[in-house]
Amino acid sequence: MTATDIDGSADLAGLAVRLDEAARTGTPIRQLAEAHGIDVDAAYRLQQTLIARRLTRGEHVVGVKMGLTSRAKMVQVGVDEPILGHLSDTTQVADGGSVDITGLIHPRVEPEIAFLLDRPPTPGMPFTDAVRAVAPALEVIDSRYANFTFSLPDVIADNTSAALYVVGPWQPVPDRIDNLGVLLDVDGHTVQTGSTAAILGDPRRALAAGITLAGRHGPALQAGWIFLAGAATAAVPLTPGVHVRATVQGLGTAAFTTTGGTR
């Protein structure tokens, strides 16, 4: 099958079902891109088809997330360009709440910085016009592919491995966010240290990149949406019964406790 063949809505719908069922049942699947001739553009169309399927179940898109914005993450998964995915209301966990990892395939967590969009951002718009507030955040990622192995089109189609996320208290936009210290603690022990500089050198560049990607592939960014700028450190595997906390210098913390277990 070629990339042209995958343009058909039936092909996209069938592959979206496979990804969706993998996530819902916690059952890993084989990579799709090579076998089905999926390039980056087709992968974004497949991601949109997957999200549309979830919306029919009552989910609502409330933001977007950047992926592969840190050098550590690029090295970890073997790719070299940022990507864009969707955030939904049903995957947000309250700060300090519980994250049930039952059914997740190989959950991992990474510390991030989040932006609250004040208006639909456009290319070249000043950061402080586009962003109302910033916050520390945590993202739980969980690739639906076996062995956490995938190509760039595969991870795009899989909504950039999005699973769950936590946003800490919103704060006024500081003068600088380009080199804030970041800590990831598990049960009180620091397991990763980093800086917001790991996010494309400056998290504001992640917003600019996200605006470009959204303009090319969708979705249209909206006022009031959450924008996860990307990970400041490598992701850390999650196990049941641990307390996870991200601290971002000058912004505070975001935290959750894991429950359950994997299937």
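The values are calculated or read from the model by the stated rules, or taken from the named source; none is laboratory data. The shown structure was predicted, so the numbers you read here are calculated from the model rather than taken from an experiment. Here the Cβ positions follow ideal geometry from the backbone for every residue, glycine too, while neighbour counts run over all protein chains shown. SASA here: full protein model, heavy atoms, side chains in, ligands and nucleic acids out. Shrake-Rupley method; radii C 1.70, N 1.55, O 1.52, S 1.80 Å.
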- Among the candidates L50, L46, L12, residue that is at pLDDT below 95, in contact with a helix residue (DSSP H, G or I) (Cβ under 9 Å, 6 or more places away or on another chain) and under 17 Å from G218 (Cβ atoms): L12
- Residue in the range 114-130 that is at pLDDT 95 or above, exposed (fewer than 15 other Cβ atoms within 10 Å of the Cβ) and touching a strand residue (DSSP E or B) at 6+ places or on another chain (Cβ under 9 Å) present: yes
- Note on the structure: Across the range 21-56, the tally of residues that are in contact with a Lys or Arg (Cβ under 7 Å, 6 or more places away or on another chain), open to solvent by 10 Å² or more (accessible area, probe 1.4 Å) and in a helix (DSSP H, G or I) stands at 1
- Which residue pairs have Cβ atoms under 9 Å apart, sit 6 or more places apart or on different chains, and have a first residue in the range 185-214 that is in contact (Cβ under 8 Å) with a residue 40 or more places away in the chain and closer than 10 Å to A229 by Cα and a second that is assigned to a strand (DSSP E or B) and open to solvent by 10 Å² or more (accessible area, probe 1.4 Å)? T196/G181
- Which residues, counting only those in the range 219-263, are closer than 26 Å to R24 by Cα, within 19 Å of the chain's Cα centre (by Cα), among the small types (G, A, S) and open to solvent by 20 Å² or more (accessible area, probe 1.4 Å)? A234
- Message: Among the residues of the range 213-248, what is the count of those that are modelled with pLDDT of 95 or more and among the hydroxyl-bearing types (S, T, Y)?
- Response: 2
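Residues checked against (1) closer than 22 Å to Q171 by Cα; (2) in contact with a strand residue (DSSP E or B) (Cβ under 6 Å, 6 or more places away or on another chain):
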| site | (1), (2) |
| --- | --- |
| T212 | no, no |
| G224 | yes, no |
| A232 | yes, yes |
| G252 | yes, yes |
- Which condition does H60 not pass, out of (1) without any contact (Cβ under 8 Å) to a residue 60 or more places away in the chain; (2) open to solvent by 10 Å² or more (accessible area, probe 1.4 Å); (3) over 17 Å from L228 (Cα atoms), if it passes all the others? (3)
